[in-house]
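The values are calculated or read from the model by the stated rules, or taken from the named source; none is laboratory data. Here the structure is a predicted model, which is why all the values come from computation and not from measurement. As a convention, Cβ positions derive from the backbone with ideal geometry for all residues, glycine included, and neighbour counts pool all protein chains shown.
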Amino acid sequence: MQDGVEWTWPVVLTLLALGGVTLLTRGFFLLPDREWPLPAWLSKGLRYAPLAALAAIVAPEVVLTQGQLVQTWQDARLFGALAAALCYAVRRDVLLTLVVGMGVFLPLRLLLGW
Amino acid sequence: MHGLRAWLRNDFVRLGARDMTAPSIGIAAWGLVTGVAMVKSGLSVPVALTMSLLMFAASAQLATIPLLAAGAPVWVMLAAATCVNLRFVVLSAQWRPYFGALPRAQRMRLAYFAADLNYVQFVHRFPEPLPRPGQLPYFWGGVAINWISWQLLSVAGVLLGDRVPTHWGLDFAGPLVLIGVVGSMLVDRATWVAAGVAAAVSVLAYALPLKLNVLAAIVAAVAAGLLVDHRSTRTVLPLDDRT
């Protein structure tokens, strides 16, 4: 966690560009006037790229503290993430996964200070 | 005003809205989580509200939030958001037979609102990929419910998160949701390998400047996935995700 991200022109322009990503991906084959076929490289990359991006972002959020691997097992994030992963494996419900993960994470963080 | 009232009385608009009502409860819960995660990760309230309105894409927002908070370069954020949103590229090809003949300005508006669950409901009602009367009002009825429930609860999450102390760590809700989303994409050995490689490379390469560890992880994971895929022959598209 660093200083807050405040409303400045660079931030607003970044958000506009990110909004453009939503529009261009959702309209990729709908916006052109002529029809394009779905290229083979895209359908292959599509299989792994979204998964890879999400896993790449989640993993450091769980096991790193300020860029260092966690030095203690007394970290509420480890148990919250483990509970969430187990919950999803058993029930396959994303919202329930969130509830169970938070249900493990918050007491450890607030009561034990992990 | 008169136009709005006529629109609300349209049977197809109502049907689209009704079909979206049950799914939008889940959508609303996601909006709440995303709203809380945005402010608790350090985004100010105006920045969080702008992000919610402009991006309107839960997974991409949850993925971008830590990058934005860490001051990652814009192109890394754009690359990450594009990868997370690639599933929409496939869905956009599915929308084309229905709406491809409309004027481009109208297609732009449709594209912004066209979320995953809207597609699921739409194809359920119109399984035949051909233009039919009623499709456009049905679409707008559904996306209106979806957009309103998402944005309302996202704003609620932003305002709520602003009042909860940061040391509670509520921003951890973001990674927890994404753990479930990643789980929904693990359908065979190749996807498990890709996810494992992405997680490991991202952690090991964390010291790279400019948050390049995320891009390195994506490249390594796609390569690993294709390599495993090359040895087996099964192909299943992991599209079980929401917005």
(request) Looking only at the range A:25-41, decide whether some residue is touching a strand residue (DSSP E or B) at 6+ places or on another chain (Cβ under 8 Å) and either among the hydrophobic types (A, V, I, L, M, F, W, C) or assigned to a helix (DSSP H, G or I) (or both). (result) no
(request) Please find, within the range A:93-110, the residue that is farthest from the other protein chains (Cβ to nearest Cβ) out of those that are surrounded by fewer than 18 Cβ atoms within 10 Å (Cβ to Cβ) and at pLDDT below 90. (result) A:Asp93
(request) May I ask you to list the residues in the range B:181-212 that are at pLDDT 90 or above, closer than 20 Å to B:Thr64 by Cβ and within 8 Å of another protein chain (Cβ to nearest Cβ)? (result) B:Val182, B:Ala195, B:Ala198, B:Ala199, B:Val201, B:Ser202, B:Val203, B:Tyr206
(request) Please tell me if B:Val90 is within 15 Å of A:Gly20 (Cα to Cα), surrounded by fewer than 21 Cβ atoms within 10 Å (Cβ to Cβ) and facing chain A (nearest Cβ under 7 Å). (result) no
(request) Looking at (1) part of a helix (DSSP H, G or I); (2) more than 18 Å from the chain's Cα centre (by Cα); (3) touching a residue at least 12 places away in the same chain (Cβ under 8 Å), find the lone condition where B:Ala6 falls short. (result) (3)
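Filter the range A:61-91 for residues that are at positive phi and either at the interface with chain B (Cβ under 7 Å from one of its Cβ atoms) or surrounded by 15 or more Cβ atoms within 10 Å (Cβ to Cβ) (or both) and give the result.
Residues of the range A:61-91 that are at positive phi, as a first pass: A:66-67.
Passing the criteria: only A:Gly67.
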(message) Can you say whether B:Arg107 is surrounded by 20 or more Cβ atoms within 10 Å (Cβ to Cβ), basic (Lys, Arg) and without any contact (Cβ under 8 Å) to a residue 40 or more places away in the chain, as far as the supplied structure shows?
(response) yes
